[in-house]
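Participant: One structure follows; several queries about it will come next.
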Amino acid sequence: MTNQQLILEKLAILKDRESKLTALQAERSAKVELLQTATDAYQLLRTFYEQTQTLHVKRLEQLVSYCLRTVFTDHAYEFKIVFETKRNQVEASMLFLRDGEQVDPLEAAGGGCLDVAVCALRLGVILFHVERPARFIGLDEPFRYVSQDYRSNLIGLIRELSQRYGVQFFLISHDQDLIRLSENPVLL
């Protein structure tokens, strides 16, 4: 093989390598572009998720706070949901505030505060997170720890929620005072 043939052979090898390198560079550029598109899409979805979460959390906080204020008129209860990231997991903490100070819901109003909040949270899930919310909602002993002092406020709350959200409530209770305050009670 002559020098010229060796040079031509090496030149052909170099051109082949150049062609492969160009293809690899194009492939890399396409992957970098795809990665950037995926990153942009992730950021967009993350922003949408955060905005949606903020909207739903605000609606739930407002509903629960409204229910607490309606029942416990002599205490200015406020309900907040706080999100924290721990061990790469998002955790939610539910805070009960009275006069700006955090209170233990089990001790607040004899535990009745927690009953009202849980009922409001369940109602919020039904009304805000279901495509077609129910128009008939059954409540089985939802306020068993609410003090007798606040029973009439509970019925007022149920009436207001029924009107506000266009739902009928079916309340099951063994509490004769609560039944007596209800509209159209059915005794079994």
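Participant: ³J(HN,Hα) across region 31-44 via Karplus (A = 6.51, B = -1.76, C = 1.60, θ = phi - 60°), whole Hz, x for Gly/Pro?
Facilitator: 5, 5, 5, 5, 4, 5, 5, 5, 5, 5, 5, 4, 4, 5
Participant: Another question, if that's okay. Leu97: net charge of surrounding residues, Cβ under 12 Å, Lys/Arg +1, Asp/Glu -1, itself excluded?
Facilitator: Summing Lys/Arg as +1 and Asp/Glu as -1 gives -2.
Participant: OK, next. Let me check I've understood the local charge: for Glu61, count other residues with C-beta under 13 angstrom from its C-beta, Lys and Arg +1, Asp and Glu -1. What total comes out?
Facilitator: Neighbour charge sum, excluding Glu61 itself: +3.
Participant: Tell me, what is the FRET efficiency for Leu139 and Lys58 to the nearest 0.05, using R0 = 35 angstrom and their Cβ-Cβ distance as r?
Facilitator: 0.90
Participant: To continue, here is another question. Please get the size of the charge dipole for region 49-117, origin at its Cα centre, with Cβ charges of +1 on Lys and Arg and -1 on Asp and Glu, quoted in debye to the nearest 20.
Facilitator: Using Cβ point charges on Lys, Arg, Asp and Glu, region 49-117 gives about 280 debye.
Participant: Which FRET efficiency value, to the nearest 0.05, do you get for Lys86 and Arg132 by plugging their Cβ-Cβ distance into 1/(1 + (r/R0)^6) with R0 = 35 Å?
Facilitator: With a Förster radius of 35 Å, E is 0.50.
Participant: Can you tell me how region 56-162 classifies by the Cα gyration tensor, rounded, prolate or oblate, using a/c under 1.5 as the rounded cut?
Facilitator: Oblate is the answer for region 56-162, as a/c is 1.5 or above yet b/c matches or exceeds a/b.
Participant: Roughly what would the spin-label model give for Arg164 and Lys31, points 7 Å off Cα along C-beta, in nm?
Facilitator: Distance between the two pseudo-spin positions: 5.5 nm.
Participant: Report the calculated FRET efficiency for Glu101 and Asp177 (r = Cβ-Cβ distance, R0 = 25 Å), to the nearest 0.05.
Facilitator: Computed FRET efficiency for Glu101 and Asp177: 0.20.
Participant: Additional query: Please sort 79-86, 138-145, 154-161 by packing, taking for each peptide the average over its residues of neighbouring beta carbons within 10 angstrom, highest first.
Facilitator: 154-161, 138-145, 79-86
Participant: List the lysines whose Cα lies under 18 Å from the Cα of Lys80, skipping any in the same chain that are fewer than 8 positions away.
Facilitator: Correct list for Lys80: Lys58.
Participant: Around Ala76, with a cut-off of 15 angstrom between Cβ atoms, what is the net charge of the other residues, counting Lys and Arg +1 and Asp and Glu -1?
Facilitator: Charge balance near Ala76 sits at -2.
Participant: Among Phe72, Thr54, Gln102, which residue has its Cα positioned farthest towards the positive end of the charge dipole of the chain, with +1 placed on the Cβ of Lys and Arg, -1 on the Cβ of Asp and Glu, and the dipole taken about the Cα centre?
Facilitator: The Cα lying farthest towards the positive end belongs to Thr54.
Participant: Can you give the charge dipole size of region 3-181 about its Cα centre, rounded to the nearest 20 debye, using +1 on the beta carbon of Lys and Arg and -1 on the beta carbon of Asp and Glu?
Facilitator: That gives a dipole near 740 debye.
Participant: Residue by residue through region 155-172, which ³J(HN,Hα) values in whole Hz follow from phi under the Karplus form 6.51 cos²θ - 1.76 cosθ + 1.60 (θ = phi - 60°), with glycine and proline marked x?
Facilitator: 5, x, 5, 4, 4, 5, 5, 4, 5, 4, 9, x, 10, 9, 10, 10, 9, 9
Coordinate-derived values only; no laboratory data. Model, not experiment: these values are computed from the prediction. When we count neighbours, we look across all protein chains shown, and the Cβ atoms used for this are built from the backbone with ideal geometry, even at glycine.
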